[in-house]
Amino acid sequence: MTANLRLAFQRWITALLFPLVAILAAAVSATLVKAAEKSDKPVTIRLDFIIGGKHAPWFVAQEKGFYSKRGITASIQPGTGSADTVRAVGAGIADFGFADITTAIVARSRGTPVVIVAQLGHVPATILWRDDTNIKNLKDLEGKSWAISPGQAQWYLMPAFCKINNIDCKSMKVNETAAAMQPGALVAKKVDFIVMYRASNDEVTEIAAAKQGVKLKRVYMRENGLDMYGSALIVKDEDVKRRPEIVRAYVEGTMEGLRYSRDHQDEVLQMLLKQKPELDKELTRIQLKNAVEEVFIPRESLDSGFGYMRPEVMGKTVQITNEFFDGGRKVALEEVYTNQFIKK
């Protein structure tokens, strides 16, 4: 083959292969782009406390793909209290959180950049006392002893509750007791009453009392003037603006998990126990039932979309927090929450 013929052949081969290479390159590029679009964004969710029945919606959303179909892969972590969770979200250690609303508001008043994006019911605090005491009505709480640990949300809720119900809170005798020991203190008659949370340690107290043959009386704070929000989904301020699609995925995925948990409680219980076999089955069952039937889904969630926050209730929540909790400054209602991620 002559040099001229060889050169002509090479040019012909090049002309033939170039379009094929270009087509292949474009196809590979398109595939990579689609793969990138489909890949889930990993996020970390920090819960408020050790795992219990009320936390089922998050694990359901993870297990059933309610998060992944919206583009996120969730890693769910237990918490050591709402304050820890709020700090973790504010510092970017966790992407999203589930925490007590008043704790989130107080943290914001002190400079932690968090915002509330969905409510999970009105304050679930209950006042519990033994049936064998002489407490017959709320006024009878005056002068009685109660087990509480300073810094707990109940420490601040009680003065607000007392003011609303014209009870002398200062007359009550404080018995400083770690949170985990409070149910036992009541059952053992070391104190007259305690303040617990429904779908959490309220049920722990109930089971402990039943084992000892002790009958309890219960009053719900929300039914006696303290009709404010109790817990919420929280995110970092900047994420609302910087990556709203990820925030929306968290809110909508969790709310779908909540709806599914309400409608399939037996299945969900088994699912949670499979992932967390260390949980007590009966306690978990009761916590789950009370969470999805009593606490997490108030009327406004059914009327306006799961997680929707009524401005007047949110206003009362902020007002009470500003007045009774140990914040850094008075926060304004409009800076605390947003309903923009609620799906009706």
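Quick rundown of the values:
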item	result
Net charge, Ala147 excluded, C-beta distance under 15 Å - Lys, Arg +1, Asp, Glu -1	+2
Cα-based reach from Lys41 at 29 Å (exclusive), listing lysines while leaving out same-chain residues under 8 positions away	Lys54, Lys64, Lys69, Lys236, Lys241, Lys274, Lys276, Lys343, Lys344
Cβ-based exposure ranking for Cys169, Cys162, in which fewest neighbours within 10 Å come first	Cys169, Cys162
In region 125-223, lysine pairs with alpha-carbon atoms under 13 angstrom apart (chain gap of 8 or more, or interchain)	10
Relative contact order of region 83-185, pairs being alpha-carbon contacts under 8 Å that are 6 or more residues apart, as %	21 percent
Of all DSSP beta bridges in region 125-223, antiparallel share, percent nearest 5	60 percent
By average C-beta atoms within 10 angstrom, highest first, the peptides 141-150, 186-195	186-195, 141-150
Sorted peptide list for 121-129, 324-332, criterion being average Cβ within 10 angstrom, highest first	121-129, 324-332
Average Cα contact separation per residue, region 125-223, under 8 Å, 6 or more apart, as relative contact order %	45 percent
Kyte-Doolittle mean at least 0.5, axial Cα span of 27 Å or more - DSSP H helices of the chain	3-38
Rh (Kirkwood; distinct C-alpha pairs) - region 193-304, Å	16.5 Å
Mean residue ellipticity (222 nm) of the chain, computed from DSSP H runs ≥ 4 via -39,500 (n - 2.57), nearest 500	-14500 deg cm²/dmol
Label-point gap, in nm, between Lys274 and Ala91 - each point 7 angstrom along Cα→Cβ	3.5 nm
Relative contact order of the chain, pairs being alpha-carbon contacts under 8 Å that are 6 or more residues apart, as %	27 percent
Charge tally in the Cβ shell below 12 Å around Lys217, where Lys, Arg are +1 and Asp, Glu are -1, Lys217 excluded	-1
Share antiparallel - DSSP beta bridges, the chain, percent rounded to 5	60 percent
Net charge, Gly65 excluded, C-beta distance under 12 Å - Lys, Arg +1, Asp, Glu -1	0
Spherically averaged projected area in nm², based on the convex hull that wraps the Cα atoms of the chain	23.8 nm²
Gaussian network model of the chain, springs between alpha carbon atoms under 10 Å - residue of Val214, Val292, Val117 with greatest fluctuation	Val214
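All of the numbers you see were taken from the coordinates with simple rules; none came from a lab. Predicted model, so just to flag it, every value in this text is computed and none were measured. Here Cβ is always computed from backbone atoms with ideal geometry, including for glycine, and neighbour counts include all displayed protein chains.
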